[in-house]
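Reviewing the structure listed below.
The values are calculated or read from the model by the stated rules, or taken from the named source; none is laboratory data. What you are looking at is a predicted structure, and each value in this text was computed from that prediction instead of being measured. Using ideal geometry, Cβ is built from the backbone for each residue, glycine included, and neighbour counts are taken over all protein chains shown.
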Amino acid sequence: MHAPLPDQIDVERAVATGRIYAGSFPLANLPRLTSLLAGSDGDVRYELKFGRNMIGQRMVEMHVETGFPLICQVSLDPFVLPVQVDTRLGFVKSEDDDAGLPEGFEPALTDAGMVSPAALIEDELILVVPVIPRKPGATVKQPTMESEGEAVDEKPHPFAALASLQRK
């Protein structure tokens, strides 16, 4: 059963019914993420599948796709980096409980059994924002004045005036 994404989800109820949330929403709805990007244009597509893992713990499988508007730090060109996140989160009540999660599961804290699905999605996307964005195939642009029709002037050496003061 697919359902639109609510503001809060009762984890126990979603797990018990095997709830699946799928759809999309504007990237602009994730302010912590968009503050790290060059813009907020685009959509986030998601699918959240609630259930139990192999040892019976409450969990959600998350698939998220979007594009990050970024500025290449090599060429200074704007570009959109396609992003896909596939992760499995195990719900825990405290950070100390994460040691009991099976391999391949990340912990997700629940607040009184409730969780914000948009915050879960945003947290996972923030983790994949590149520290130094680089457009695939980017090369450093060298400014040339000749290409603009201007003459390239030789700059005088900054210590040229000192040469006349030099003793002979």
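Below is a table of values for the structure above.
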{"read-out": "Filtered residue count, region 37-85, keeping only those that are surrounded by 15 or more Cβ atoms within 10 Å (Cβ to Cβ), polar (S, T, N, Q) and out of contact with any helix residue (DSSP H, G or I) (no Cβ under 7 Å at 6 or more places or on another chain)", "value": "3"}
{"read-out": "Output for region 1-45, where each listed residue is under 16 Å from Glu124 (Cβ atoms), of a type in the set (Ser, Thr, Tyr), touching a strand residue (DSSP E or B) at 6+ places or on another chain (Cβ under 8 Å) and without any contact (Cβ under 8 Å) to a residue 40 or more places away in the chain", "value": "Ser24"}
{"read-out": "From the options Arg58, Arg32, Arg52, residue that is at pLDDT below 95 and either of a type outside the set (Gly, Ala, Ser) or within 30 Å of Ala138 (Cα to Cα) (or both)", "value": "Arg58"}
{"read-out": "Options Leu37, Leu81; residue that is modelled with pLDDT of 95 or more and part of a loop (DSSP other than H, G, I, E, B)", "value": "Leu37"}
{"read-out": "Answer residue from region 100-137, given it is over 30 Å from Ala28 (Cβ atoms) and either among the charged types (D, E, K, R) or in a helix (DSSP H, G or I) (or both) and is farthest from the chain's Cα centre (by Cα) among those", "value": "Gly100"}
{"read-out": "Only listed residue being surrounded by fewer than 16 Cβ atoms within 10 Å (Cβ to Cβ) and not in a loop (DSSP other than H, G, I, E, B), chosen from Asp7, Asp97", "value": "Asp97"}
{"read-out": "Val140 vs. criteria surrounded by fewer than 10 Cβ atoms within 10 Å (Cβ to Cβ), modelled with pLDDT under 90 and within 26 Å of the chain's Cα centre (by Cα)", "value": "yes"}
